[in-house]
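The structure under discussion appears below in the form of structure tokens.
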Amino acid sequence: MDQTIILFSNTSWYLYNFRSALAQSLREAGYRVVMVAPRDQYTERLEQAGFEFIQVDMRRSSLNPLRELLLLRRIRKLLLREKPDIIVNFTIKCVVYGTFAGATVPGTGRVNAIAGLGSVFSGHNWQFRLLRLLLNNLLRLALKGTANYTIVQNPDDQRYLIDNQLVKPDQIHLIRGSGVDPEKFAPSGQCTVPVNTRPRVVFASRLLRPKGLFDFIGCAQRLNDRFEFVIAGEPDPGNPESISDLELQHLVEQKVISHLGQVDEMAIMLRQSHLVVLPSRYGEGVPRILIEAAACGLPLVAYDTPGCREIVQDGINGVLVKPADHQGLDQAILDILEDQPTYARMAQASRKLFLAEYTQQRVVEDTLKVVRRAASSALSDHHADTESPFQ
């Protein structure tokens, strides 16, 4: 095939943990796959897997106009040098910059994978409203073009982008999640709550305030005499919503939660757990941890927010709680863990839902279809421009 495809993200961590299977499938399909991201502790793993890697320095939270213009210029120079047939952009900032830069490179198709619109699109204060207005205008420009396709993970985001005329209905695709391996993430074989030990309740995520970390801590303070509460994950210094290392240390010292740190073998940890709780208050794509937990046959508890409500079917494989309803969050945990028949039914339903909608194979196959469509559109556009008498 001899076509080049660039996967562009704001962290190597994201590309390794969420898109390695896609990259491998693209390589097996004959593409030359190039990873583009800032260098971090996961870059070496991408290179060890045999992928080309190009470092691009970017600050996720930067709002400095000069720095951002220079970044856009560097990305454009990179694309002009590599001449990719397709660039796949992950996260909002990469979508905007990668698409603007890609539009200036003839014959380059763009695929924009938006894994949740985030707190900017769900917040209600004046700063969020102002940023939302700015981002809407940027996305409206970035997502246009016949060789420009958008992937979202939940219907709420799909409706928002269409209703606000940010993307045409025939150029947006709903693909739920980033894919999880059903063999690696599989149930332990027991759909029961332990009787002689405290059941383990897990929060696994970057330690961000909007993820509901302190809501989970509140549950631990109220219910830790009945259940073991565990946090897996680390602060994210590049995100202004992250807690600090000092805050984390203080939480651990209270001895109401255990902190596992960054867990590389999530499947093993989940098979040793009994319930996953994610009280996220902002719009996500479909949270990876909820998909992994469902794959392992665990019941789920989450706030009723975009993305979470896709994988948590209320009363079937878990419980959806009104955001900020702390009493409701406590009660959901109690209702599941203190009723063996309910627990067993929800555990089985989680695995069944996962197999129907969220397997790695399904997500990769659906994404490859969008990539091929974007490549075909870009090639057609390039031929039309080349043959036009007005060039």
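Quick notes on this structure:
- Answer from Ala324, Ala332, Ala374 - the residue that is touching a strand residue (DSSP E or B) at 6+ places or on another chain (Cβ under 9 Å), at pLDDT below 95, among the aliphatic types (A, V, I, L, M) and buried (at least 17 other Cβ atoms within 10 Å of the Cβ): Ala374
- Leu78 meets each of the listed conditions (1) in contact with a Lys or Arg (Cβ under 8 Å, 6 or more places away or on another chain); (2) at pLDDT 90 or above; (3) surrounded by 17 or more Cβ atoms within 10 Å (Cβ to Cβ) apart from (1).
- Conditions (1) at pLDDT 95 or above; (2) closer than 22 Å to Ile175 by Cα: number failed by Trp13: (1)
- Exactly one residue among Gln55, Gln24, Gln48, Gln41 is among the polar types (S, T, N, Q), under 20 Å from Lys93 (Cβ atoms) and in the same structural domain as Thr367 (by TED's automatic domain parsing), and that residue is Gln55.
- Whichever residue in the range 339-367 is without any contact (Cβ under 8 Å) to a residue 12 or more places away in the chain and either outside any helix (DSSP H, G or I) or of a type in the set (A, V, I, L, M, F, W, C) (or both) and, among such residues, is nearest to Gly109 (Cα to Cα): Ala356
- Residue check for Glu241: acidic (Asp, Glu) and either in contact (Cβ under 8 Å) with a residue 40 or more places away in the chain or crowded, with 18+ Cβ neighbours inside 10 Å (or both): yes
- Yes/no for Val276 being buried (at least 24 other Cβ atoms within 10 Å of the Cβ) and either more than 22 Å from Ser188 (Cα to Cα) or modelled with pLDDT of 90 or more (or both): yes
- Condition check for Arg362: among the basic types (Lys, Arg), at pLDDT 90 or above, surrounded by 14 or more Cβ atoms within 10 Å (Cβ to Cβ) and over 19 Å from the mean Cα position of the chain (by Cα): no
- When Leu248 is tested against the conditions (1) part of a loop (DSSP other than H, G, I, E, B); (2) crowded, with 19+ Cβ neighbours inside 10 Å; (3) out of contact with any Phe, Trp or Tyr (no Cβ under 8 Å at 6 or more places or on another chain), the lone failure is (1).
- Of everything listed in (1) surrounded by fewer than 23 Cβ atoms within 10 Å (Cβ to Cβ); (2) over 30 Å from Thr108 (Cα atoms), the single unmet condition for Cys296 is (1).
- Any hit, the range 223-234, residues being touching a strand residue (DSSP E or B) at 6+ places or on another chain (Cβ under 7 Å) and in a helix (DSSP H, G or I): no
- Subset of the range 206-218 that is closer than 13 Å to Leu251 by Cα and touching a residue at least 24 places away in the same chain (Cβ under 8 Å) - its residue that is surrounded by the most Cβ atoms within 10 Å (Cβ to Cβ): Leu213
- Among the residues of the range 33-49, none qualifies, meaning not one is aromatic (Phe, Trp, Tyr), touching a Phe, Trp or Tyr at 6+ places or on another chain (Cβ under 7 Å) and within 21 Å of Asp366 (Cβ to Cβ).
- Among the candidates Glu292, Glu284, Glu265, residue that is modelled with pLDDT of 95 or more and either outside the structural domain of Phe214 (by TED's automatic domain parsing) or of a type in the set (Asp, Glu) (or both): Glu292
- Complete set of residues in the range 28-66 that are over 30 Å from Leu130 (Cβ atoms), outside any loop (DSSP other than H, G, I, E, B) and without any contact (Cβ under 8 Å) to a residue 24 or more places away in the chain: Glu28, Glu44, Glu47, Gln48, Glu52, Gln55
- Enumeration of residues in the range 81-95 that are modelled with pLDDT of 90 or more and either surrounded by 20 or more Cβ atoms within 10 Å (Cβ to Cβ) or under 17 Å from Ser12 (Cα atoms) (or both): Pro84, Asp85, Ile86, Ile87, Val88, Asn89, Phe90, Cys94, Val95
The values are calculated or read from the model by the stated rules, or taken from the named source; none is laboratory data. Everything quoted here is computed from the prediction, not taken from an experiment. Glycine also receives a Cβ, built like all others from the backbone with ideal geometry; neighbour counts cover every protein chain displayed.
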